[in-house]
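Below is one structure; the comments refer to it alone.
The values are calculated or read from the model by the stated rules, or taken from the named source; none is laboratory data. Remember, it's a predicted structure, so these values are computed and weren't measured experimentally. Neighbour counts are summed over all protein chains in view; Cβ atoms, including those assigned to glycine, are modelled from backbone coordinates with ideal geometry. Quick note on the areas: whole protein, heavy atoms, side chains included, nothing else; ligands and nucleic acids left out. Shrake-Rupley method; radii C 1.70, N 1.55, O 1.52, S 1.80 Å.
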Amino acid sequence: MKYTTMTMATTTVHSFVCFVVFFSMVVVSSSSGQRHPHFCKNTPNSSGQLTPDYYRFSCPNVFITVKRIVEQAIKCEPRMGASLLRLHFHDCWVSGCDGSVLLIDIGNFIGEQSAIPNKNSLRGFDVVAQIKAELNSVCPCGNVVSCADILAIAARDSIHILGGPRYQVLLGRLDSLTANVADAKNLPSPSSNFTKLIASFLSHGFGLKDLVVLSGAHTIGRARCGTFRSRIFNDNDINSNFADGLKTVCPANASLGGNNTAPFDATTNVFDTVYYQELTRQMGLLHSDQELYSGGNQTSADLVMKYSKNRAAFWGDFVVSIIKMGNLPPASSNGQVRCNCSIVNNPSPPNSHGITTSCPSPPASFFNPGTGPTHCPSLPTSSPNLGSP
């Protein structure tokens with residue numbers, strides 16, 4: 001019996017020593033600059049479907065890192081949560097979720113930021129750049145997290161930080177090699193009527209419920225005077241007191257107050273149902289918002305009323321639709337993981353994981369001229385050197 005016990009103890013010690021030796025080899029290899037090949041392989045995805053644990057080995061701290069930076073940005077400027085969510089929508093709605101909205105104009109290349117719906121309007125590029133720089137530094141395998149995936153994670157975290165639902169983000173997207181400024185010009189307009197809104201959604205494979213529930217993203221954020229001036233001076237389906245209040249920040253003279261902003265609803269920094277409640281009182285900020293309730297479609301109006309009274313229903317349907325939106329496939333199967341989200345990598349065939357080995361010199365800025373940076377001193381306003389993958 002004693003012999004058996006001693007043998008078992010010796011075997012256990014021997015196994016432990018072997019484990020420590022193996023673990024030490026892995027750590028030493030990693031600390032010496034060599035990446036263990038097992039860790040640098042993202043979770044296999046033979047079916048082509050996105051998966052929640054795509055970066056389990058190549059960047060296990062991806063979620064912690066993104067959330068920390070998004071929390072800092074929202075603490076500095078609560079509106080940034082809505083801006084990051086809007087970036088995700090404007091990215092996915094044009095040629096699929098591929099990070100194309102982040103590409104800046106360079107030389108003869110004109111990106112989606114120059115399209116009318118985006119020009120001097122989209123925000124949050126500096127936050128995305130900081131996230132990308134930190135991930136490239138903390139990920140054991142370097143440049144492995146795509147910019148398109150960063151947008152998806154940052155949007156989810158923004159919603160949750162502002163009091164909304166937390167849902168599982170599916171990952172594994174690649175970044176596009178180009179942009180589609182022509183399609184970006186066709187993004188839904190603040191002045192769109194219900195017919196145009198539903199047509200846009202149907203063209204992307206989305207239905208009426210998706211339209212109403214995704215529009216609920218306007219429960220957070222603000223809009224510029226130029227997007228609602230026509231509504232407050234010309235629309236009939238608007239609460240008169242509400243319109244009069246907005247006229248104090250958005251005068252009729254088109255040359256004045258164009259960049260003044262107003263909140264989408266009374267609780268602009270909380271992801272709740274007040275947006276829908278105000279639509280039932282003809283207090284939608286944009287013409288396109290109010291069309292969901294007053295545009296002549298009874299099913300849409302009924303959904304607005306339902307969500308105005310039932311937060312659980314809104315959150316549940318919203319999660320389904322935003323995950324569906326995040327699954328919109330890119331127009332091209334060719335992609336890469338950009339070193340810098342604002343420009344494509346130098347021409348170089350990507351390896352089997354979509355990673356190129358040639359990172360370009362960073363541009364002077366990661367957003368087009370005229371786009372205002374976040375007013376947070378901790379965030380960069382020029383593009384950092386993100387190094388090699």
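Quick notes on this one:
- Taking each residue of segment 168-195 that is of a type in the set (Ser, Thr, Tyr) and looking for partners that are assigned to a loop (DSSP other than H, G, I, E, B) and surrounded by fewer than 17 Cβ atoms within 10 Å (Cβ to Cβ) with beta-carbon atoms closer than 7 Å, six or more apart or interchain, yields Ser176/Ser332.
- Residue that is surrounded by the most Cβ atoms within 10 Å (Cβ to Cβ), among those in segment 48-96 that are touching a strand residue (DSSP E or B) at 6+ places or on another chain (Cβ under 9 Å) and farther than 22 Å from Cys139 by Cβ: Ala82
- Options Lys41, Lys2; residue that is modelled with pLDDT of 60 or more and open to solvent by 90 Å² or more (accessible area, probe 1.4 Å): Lys41
- Residues of segment 151-183 satisfying the condition of being within 30 Å of Gly107 (Cβ to Cβ), open to solvent by 20 Å² or more (accessible area, probe 1.4 Å) and not in a loop (DSSP other than H, G, I, E, B): Val181, Ala182, Asp183
- If you filter segment 105-121 down to residues that are open to solvent by 50 Å² or more (accessible area, probe 1.4 Å) and aliphatic (A, V, I, L, M), you find that the one that is farthest from Phe89 (Cα to Cα) is Ile106.
- Test for Asn186: is it assigned to a loop (DSSP other than H, G, I, E, B), open to solvent by 70 Å² or more (accessible area, probe 1.4 Å) and closer than 19 Å to Gln277 by Cα: no
- Residues (charged (D, E, K, R) and free of Cβ contacts under 8 Å to residues at least 24 places away in the same chain) located in segment 239-277: Asp244, Lys247
- Only one of Gly124, Gly99 that is closer than 16 Å to Asn345 by Cα, touching a helix residue (DSSP H, G or I) at 6+ places or on another chain (Cβ under 7 Å) and surrounded by 24 or more Cβ atoms within 10 Å (Cβ to Cβ): Gly99
- The residue that is nearest to Asp317 (Cα to Cα), among those in segment 260-281 that are open to solvent by 50 Å² or more (accessible area, probe 1.4 Å) and over 24 Å from the mean Cα position of the chain (by Cα), is Gln277.
- Pairs where the first residue, in segment 116-131, is closer than 12 Å to Val70 by Cα and the second is open to solvent by 10 Å² or more (accessible area, probe 1.4 Å) and part of a helix (DSSP H, G or I), C-beta under 6 Å, 6+ apart: Gly124/Ser83
- Of everything listed in (1) under 27 Å from the mean Cα position of the chain (by Cα); (2) modelled with pLDDT of 95 or more, the single unmet condition for Ser240 is (1).
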